[in-house]
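Written below as structure tokens is the structure these notes are about.
Since every read-out is calculated from the coordinates, none of them should be taken as a lab result. Not measured: the values here are computed from a predicted model. Quick reminder, even Gly has a Cβ in these numbers, built from the backbone with ideal geometry, and neighbours come from all protein chains shown.
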């Protein structure tokens, strides 16, 4: 009988966490979040910037073929960057607030050939810069980072 009463008293004892245990768990979670969230945000911003760079690079690679299909000859200078082609799109698919500056205007022929030239791209959030160079005849695009990498 005494053992039955002891079992009832033990089962009637409250089960759960103390306030101190809950506060300790919340403090640990807050510490982990304080370290992890800024790094995740920085990586996410970097991924967006890389995606936008790929967007510009791909549109530059496709430009000679687009111009050949449209039978358009073009010198890609500052004025041409702002104009819309006959297909209703600008020459380069630039993300918002990115800047393209003509270093030496490439010339695209109607048959898809090129005279060499280069553009300078600037990403607005980080200020990173790249050179997009078009090769003679083949229009091959070379993308070069202009930022000095610390080693």
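In whole Å, what is the distance between the alpha-carbon centres of the stretch 74-151 and the stretch 35-56?
22 Å
Please give, to one decimal in nm, the separation of the simple spin-label points placed at residue 36 and residue 140, each 7 Å out from Cα toward the Cβ.
It is 4.5 nm.
Quick check: pseudo-label points 7 Å beyond the Cα along Cα→Cβ at residue 15 and residue 72, how many nm apart are they?
7.2 nm
Ranked highest first by average number of other Cβ atoms within 10 Å, how do 104-110, 51-57 line up?
With the highest mean Cβ count within 10 Å placed first, the list reads 104-110, 51-57.
Arranged by the count of other C-beta atoms within 10 angstrom, fewest first, what order do 134, 17, 48 take?
17, 48, 134
How high is the relative contact order of the chain, given as a whole-number percent (alpha carbon pairs under 8 Å, six or more residues apart)?
16 percent
What's the whole-number percent of alpha carbon pairs in the stretch 73-135 lying beyond 19 angstrom? List each step's numbers first, then the result.
Details: 622 of 1953 pairs.
Cα-Cα pairs of the stretch 73-135 separated by over 19 Å account for 32 percent.
Students often get this wrong, so try it: which of (i) 1.51; (ii) 0.97; (iii) 1.19 is Rg/Rh (Cα atoms, Kirkwood Rh) as calculated from the structure shown?
(i)
On a full-extension model of 0.36 nm per residue, what is the gain between residue 87 and residue 25, subtracting their alpha-carbon distance, rounded to one decimal in nm?
16.4 nm
For every helix of n ≥ 4 consecutive DSSP H residues, a contribution of -39,500 (n - 2.57) applies; sum these over the chain, divide by its total residues, and give [θ] at 222 nm rounded to the nearest 500 deg cm²/dmol. Don't skip to the end; give the middle numbers.
On the way: 3 runs with 68 residues, N = 151.
Per the formula, -16000 deg cm²/dmol.
How far apart, in nanometres, would the label points at residue 128 and residue 45 be if each is projected 7 angstrom from Cα along the Cα-to-Cβ direction?
Going from the residue 128 label point to the residue 45 one covers 1.2 nm.
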